[in-house]
Structures are given as C-alpha cells and as structure tokens.
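The values are calculated or read from the model by the stated rules, or taken from the named source; none is laboratory data. None of the values given here were measured: they were computed from a predicted structure. Please note: Cβ atoms are built from the backbone with ideal geometry, for glycine as well, and neighbour counts cover all protein chains shown. Accessible surface is based on the protein model in full, side chains and every heavy atom, while ligands, DNA and RNA are left aside. Shrake-Rupley method; radii C 1.70, N 1.55, O 1.52, S 1.80 Å.
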Amino acid sequence: MYDTIIVGCGIIGAAAAFALSLQEGSVLVLEKENDIATGATRANSAIIHAGYDPEPGTKMARLNVRGAALAKELCSALSVPYAQIGSLVLAFSEEEMSTVRELYERGVQNGVPGLQVLSAEETRAMEPNVSEQVQGALYAPSAAIVNPWEYALALAETAVRNGAEIRRSCPVVSIRKTADGWAVGTAQGTFEARTVINAAGVESEEIHDMVLPHSFHILPSRGEYYLMDKSEGGRAGHVLFQCPSALGKGVLVSPTVHGNLIVGPNAVAAVDKTRVNTTGAGLEFVRSTAVKSVPSLNFRSSIRNFAGMRANSDRDDFILEEHDGFIDLAGIKSPGLSSAPAIAEEALAMVQKSGVFRSKKQNAVVTRQKRHFNLQDETGKRAMIAENPLYGRVICRCETVTEGEILDAIHSPVPPCSVDGVKRRCNAGMGRCQGGFCGPRVLEILSRELNIAPESVKKDLDGSEILLGENKNV
C-alpha cells in the first residue's frame, strides 16, 4: 500500500509528487498518457504571472504570488530555463487606464512586489515596438517566462530520484473506498493507498465523480498560438498583455526562454476536451488582435501553430478540497503554472491530516544538474566532448542538440518513449525546421536505445507511430 496515489502528471501532479517526495512516505503517480506533461502543461503561454489579476482573498491570489516566488527558487535549483523579464499590461484608452489602475490596487492587496503604473512615454521607452496608440501600462517586474514542460519534468525526475514511482499509459478507471484508504483501478491493475490526490486536469471532474457526489463542472477552453522564429525573438523584451476581459488575460506577445516569440491565445469553449486542433478563424483572431499591441509582428516568421486546453471550471477559484483522504486539485486554470509549487504545499498539508508524510526525508534530492551543449563556451564544449565524444555529434542543427544530450534524455529518471518526448527533454526538433532534419535521426536513436523496431517508435502519444513498416512486395 502506498501513502499517496496522485492521478495525473502535469505540472500540478508533478509539483505534488516533488513536494511529497521530500517527506518520509511512498508516492505513486498514475498518468494516462505515455508521457508526463502532455496536456495543458505543454501547451500554454509559458508565463509565471506576477499575481495582480486574481481577486484579492481568493486561493488564486494567494497561491499565485507564493508560487511565483517558489518557481524562481525551484527553476534555479533544478536547472529549468527561467527568466524574470517582467510584464506589461497595455492600455489603449483612458477607460483601459482605469483598468490598469484597478489591477495595480489589486496587485498591491495581493502582495505583488514592485508594481508601477507607467505613462505612454515610459511604456514605449521600455518597449519601442508597441503601438503608438498605447496610453500607458501596468509594469510587474516579478513576472517571468519558463519552459513549462521541462519544469514539470524536472519536478517529476527529482521526485523519482527521491523514491516516487510513475506509471505511464495507466488511465484510472475506478476508485473505491477501503478499510485502510482507497483502491484505485487502472489499466495496469489495482493499486491501494491511504490517500489519493486528483490532479487530472481537464479529466478531474470524472475522477472526482468516481468518489464523491458531483460538485463542480470542468468547462474546457481551447487556446491557439503562434510560435515565431528566433528572428522575431527581439520584437518584445517583456511579456506584453492587453487588458484582461471575461475571456481571460487576452492575447499576449512574449519572448520565450529559447529565444523565440510566442503570440496568443484566443479562448474558445471546447465541446471535445481531447481535440487541441487549431483553426483558421482562431489563428486569424490571434493575429489581428496581437498586432494591436505590436503592429510590426511578422507572421511570415511563424514556425509552428498549436493549441492547448485549459481546465476552467464553473467556480471562480481553484478547487482545493479534501474528503476523508481524497483530495481534489481541480479547476486549475491560469495562473495554475505560476501557482503549482504553492498548490503542492497545500496538497501536502491536506495529506498530512491523514497521518502520512509528517517527517522530512533525510538527504532528499533537491537539485538537478542539466547541461546544454549549445550554452557552453568553447572550453565547456571541449570538456563535454572529451567526456563523451557523442556530445560532439550534432543531431539537431537548428538548436545544436547533440547525440550525447539525446542519450542523457533517453536514460533519464523519466525517459521519453517518442520523438516528441525527446524534443521536450532536450529541444531536438524545436527549431526552425521543427524536426524536418533531425526527426528521422532521433527515431533511429530511440529505436536503437530502446531496442524496439523503428516502426514501433511514436511521434508522440500512443497511436502516433511514424512508420508503417516495409512493403516487401514492392
């Protein structure tokens, strides 16, 4: 019997696993997909929000500010790409300047550090490419950008190094109460635990309803994005928001930690929570809205479009509730990525009420070292190649990712099983050609290292095999 089973391994499940792994106790994470961080965690704006947007007094307000501070510490300790570049909420009218001032007051109440209301001149001095129509802005220096899927991977890998177990391709089909806790039925058998944490994202309603009377409804919302080439990466130096509305924080323009530019999202109610397709109408809305902020955006430099699914709910706040050892971490919409480590602290406190995880683990792992060949100086590159000549064999030309780095990913504590899994761990295929050159080589390496046939290698999730086999009759 485990002390805790966590259902779902996006950023919330991974953060909870990490927090629990630092305590004495046993943790099992059940993820329905063949890899972790494949839902909202891999398809979002990659922003650590400052915390001025949530209503004061809400869980979102408190946990956003706390989570943003923890994220900075964790990303440093776990070698996760992170940059505190600050954000600007742009106002295009006096009415929107009133909204900016309201956000400032709200942020002050929430404890957001360093907020300033800027004039039009001050805004353009910080961001020369913004529209001449901008009347002013709210500046939040504590806002940051991050690699969201590597953030989740780093937390999960460290949890595994501390003894946590992760089972993938393991969807939960039932949960029932037992004398000692809970029995969780899955595609890989039944597992028992004293406590269960529901961190299943857009599926959290279904997991909750296996255990308790229906009490909330997940209202998934699809958001579509442009990822721009690095030639556009200098178009903005801060995260540029427009004034928020009932639909969310609006279309943003932001640098990424990899040097690209991200533009989006829109917000469309989703009937099918599994369909993360883009649409012509949605992308046109994003494009026409974004140029209001930065008119010079060159959308010919788009290298990829993608969409993500938000786990909005019919409540106005995060759903963090415990019932007899069953814990819901549900309705974690934005600022969920920002709040994740603080939500994990809440989960730990709720689990501890059941009498588990009450003492810290001696010599727990709290750091992770990860080297990127393309970030080394010449001395560092020579040292890596001397250590392993495969660091000198470049596989991904766009991002200068080497075979040594790919092998490190494949033999990591939470190894990939697909080409996109490798991409998420070491950036191979993330560049301008989006894997057109390196994809076949990554497939060959996966086939060799995993000792599987090339036609068994997947592009991403189960059912996405790239090769169909050889036609021997031709």
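Conditions (1) assigned to a loop (DSSP other than H, G, I, E, B); (2) over 21 Å from Ala46 (Cβ atoms), marked per residue:
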residue	(1), (2)
Asn266	yes, no
Ser296	yes, yes
Met309	no, no
Asp316	yes, yes
Glu322	no, yes
Asp328	no, yes
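I'm checking my understanding of the structure. Among residues of segment 192-204 that are in a strand (DSSP E or B) and open to solvent by less than 20 Å² (accessible area, probe 1.4 Å), which one is farthest from Gln352 (Cα to Cα)?
Let us first name the residues in segment 192-204 that are in a strand (DSSP E or B), namely 192-198.
Adding the requirement that they be open to solvent by less than 20 Å² (accessible area, probe 1.4 Å) leaves 193, 195-198.
Values: Ala193: 14, Thr195: 10, Val196: 12, Ile197: 12, Asn198: 16 Å.
The extreme case among them is Asn198.
Just name the residue that is farthest from Glu465 (Cα to Cα) out of those in segment 404-419 that are outside any helix (DSSP H, G or I) and either in contact with a Pro (Cβ under 6 Å, 6 or more places away or on another chain) or open to solvent by less than 10 Å² (accessible area, probe 1.4 Å) (or both). Before the answer, list the steps.
Quick first cut of segment 404-419, residues outside any helix (DSSP H, G or I) only: 411-418.
Of the ones still in play, those that are also either in contact with a Pro (Cβ under 6 Å, 6 or more places away or on another chain) or open to solvent by less than 10 Å² (accessible area, probe 1.4 Å) (or both) are 414, 416, 418.
On the way: Val414: 20, Pro416: 14, Ser418: 9 Å.
Ranking the candidates gives Val414 first.
Counting just the residues of segment 210-219 that are under 23 Å from Val276 (Cβ atoms) and surrounded by fewer than 22 Cβ atoms within 10 Å (Cβ to Cβ), which one comes out nearest to the chain's Cα centre (by Cα)?
Residue satisfying both the conditions and the ranking: Leu219.
Please state which one of Leu468, Leu443 is buried (at least 16 other Cβ atoms within 10 Å of the Cβ) and either over 28 Å from Asn162 (Cβ atoms) or touching a helix residue (DSSP H, G or I) at 6+ places or on another chain (Cβ under 7 Å) (or both).
Working: Leu468 fails: buried (at least 16 other Cβ atoms within 10 Å of the Cβ).
Every option except Leu443 fails the conditions.
Can you name every residue in segment 50-64 that is touching a residue at least 60 places away in the same chain (Cβ under 8 Å) and either open to solvent by 20 Å² or more (accessible area, probe 1.4 Å) or assigned to a helix (DSSP H, G or I) (or both)? Let's see the steps before the verdict.
Initially, segment 50-64 is screened for residues touching a residue at least 60 places away in the same chain (Cβ under 8 Å), giving 50-55, 58-60, 62-64.
The answer is Asp53, Glu55, Thr58, Lys59, Met60, Arg62, Leu63, Asn64.
Quick one: which of Arg222, Arg275 is closer than 26 Å to Asn147 by Cα, modelled with pLDDT under 95 and either within 20 Å of the chain's Cα centre (by Cα) or part of a strand (DSSP E or B) (or both)? First the steps, then the outcome.
Details: Arg222 fails: modelled with pLDDT under 95.
Exactly one of Arg222, Arg275 is closer than 26 Å to Asn147 by Cα, modelled with pLDDT under 95 and either within 20 Å of the chain's Cα centre (by Cα) or part of a strand (DSSP E or B) (or both), namely Arg275.
Would you say Arg368 is surrounded by fewer than 18 Cβ atoms within 10 Å (Cβ to Cβ) and either touching a Ser or Thr at 6+ places or on another chain (Cβ under 8 Å) or not in a helix (DSSP H, G or I) (or both)?
Numbers: surrounded by fewer than 18 Cβ atoms within 10 Å (Cβ to Cβ): no; either touching a Ser or Thr at 6+ places or on another chain (Cβ under 8 Å) or not in a helix (DSSP H, G or I) (or both): yes.
Here the answer is no, as Arg368 does not meet what is asked.
Which one of the conditions (1) hydrophobic (A, V, I, L, M, F, W, C); (2) crowded, with 21+ Cβ neighbours inside 10 Å; (3) out of contact with any strand residue (DSSP E or B) (no Cβ under 7 Å at 6 or more places or on another chain) does Ala281 fail to meet, given that it meets all the rest?
Of the numbered conditions (1) hydrophobic (A, V, I, L, M, F, W, C); (2) crowded, with 21+ Cβ neighbours inside 10 Å; (3) out of contact with any strand residue (DSSP E or B) (no Cβ under 7 Å at 6 or more places or on another chain), the odd one out for Ala281 is (2).
Can you give me the number of residues within segment 420-465 that are part of a helix (DSSP H, G or I) and more than 16 Å from Arg304 (Cα to Cα)? Break it down into steps so the answer makes sense when it comes.
Residues of segment 420-465 that are part of a helix (DSSP H, G or I), as a first pass: 420-426, 439-450, 454-456.
Right, trim to more than 16 Å from Arg304 (Cα to Cα) and you get 421-422, 425-426, 440-450, 454-456.
So the answer is 18.
Suppose the filter is over 20 Å from the mean Cα position of the chain (by Cα), free of Cβ contacts under 8 Å to residues at least 24 places away in the same chain, closer than 26 Å to Phe216 by Cα and outside any loop (DSSP other than H, G, I, E, B); does Val184 pass it? If you could, list the steps in order and put the result at the bottom.
Numbers: over 20 Å from the mean Cα position of the chain (by Cα): yes; free of Cβ contacts under 8 Å to residues at least 24 places away in the same chain: no; closer than 26 Å to Phe216 by Cα: yes; outside any loop (DSSP other than H, G, I, E, B): yes.
For Val184, the condition - over 20 Å from the mean Cα position of the chain (by Cα), free of Cβ contacts under 8 Å to residues at least 24 places away in the same chain, closer than 26 Å to Phe216 by Cα and outside any loop (DSSP other than H, G, I, E, B) - is not met.
Against the definition (within 24 Å of Leu118 (Cα to Cα), surrounded by fewer than 21 Cβ atoms within 10 Å (Cβ to Cβ) and touching a helix residue (DSSP H, G or I) at 6+ places or on another chain (Cβ under 8 Å)), how does Gly237 come out, yes or no?
On the way: within 24 Å of Leu118 (Cα to Cα): yes; surrounded by fewer than 21 Cβ atoms within 10 Å (Cβ to Cβ): yes; touching a helix residue (DSSP H, G or I) at 6+ places or on another chain (Cβ under 8 Å): yes.
Judged against the criteria, Gly237 is a match.
Scan segment 284-314 for residues that are within 30 Å of Ser354 (Cα to Cα) and open to solvent by 70 Å² or more (accessible area, probe 1.4 Å) and jot them down.
Asp314
Checking Ser338 against (1) open to solvent by 50 Å² or more (accessible area, probe 1.4 Å); (2) under 21 Å from the mean Cα position of the chain (by Cα); (3) hydroxyl-bearing (Ser, Thr, Tyr), only one condition comes out false. Which one?
Ser338 satisfies every listed condition except (1).
Scan Gln84, Gln23 and give me the residue that is of a type in the set (S, T, N, Q) and within 30 Å of Asp180 (Cβ to Cβ). Lay out the reasoning, then the answer.
Working: Gln84 fails: within 30 Å of Asp180 (Cβ to Cβ).
The conditions single out Gln23.
Does Leu297 satisfy being at pLDDT 95 or above and closer than 30 Å to Glu232 by Cα? Break it down stepwise before answering.
Numbers: at pLDDT 95 or above: yes; closer than 30 Å to Glu232 by Cα: yes.
Here the answer is yes, as Leu297 does meet what is asked.
Being charged (D, E, K, R), closer than 25 Å to Val89 by Cα and out of contact with any helix residue (DSSP H, G or I) (no Cβ under 6 Å at 6 or more places or on another chain) is the filter here; which residues of segment 257-303 pass it? First the steps, then the outcome.
If we filter segment 257-303 for residues that are charged (D, E, K, R), which is where we start, we get 272-273, 275, 284, 287, 292, 300.
From what's left, closer than 25 Å to Val89 by Cα: 284, 287, 292.
Listed by number, the residues that qualify are Glu284, Lys292.
Identify, please: which residue in segment 371-390 is of a type in the set (A, V, I, L, M) and open to solvent by 80 Å² or more (accessible area, probe 1.4 Å) and is, among those, farthest from Glu157 (Cα to Cα)? Walk me through how you get there before you give the answer.
At the first step, the residues of segment 371-390 found to be of a type in the set (A, V, I, L, M) are 375, 383-386, 390.
Still in the list and also open to solvent by 80 Å² or more (accessible area, probe 1.4 Å): 375, 386.
Numbers: Leu375: 22, Ala386: 27 Å.
Across segment 371-390, the extreme among qualifying residues is Ala386.
Return a yes/no flag: does segment 344-362 have any residue that is in a helix (DSSP H, G or I), buried (at least 20 other Cβ atoms within 10 Å of the Cβ) and aromatic (Phe, Trp, Tyr).
no
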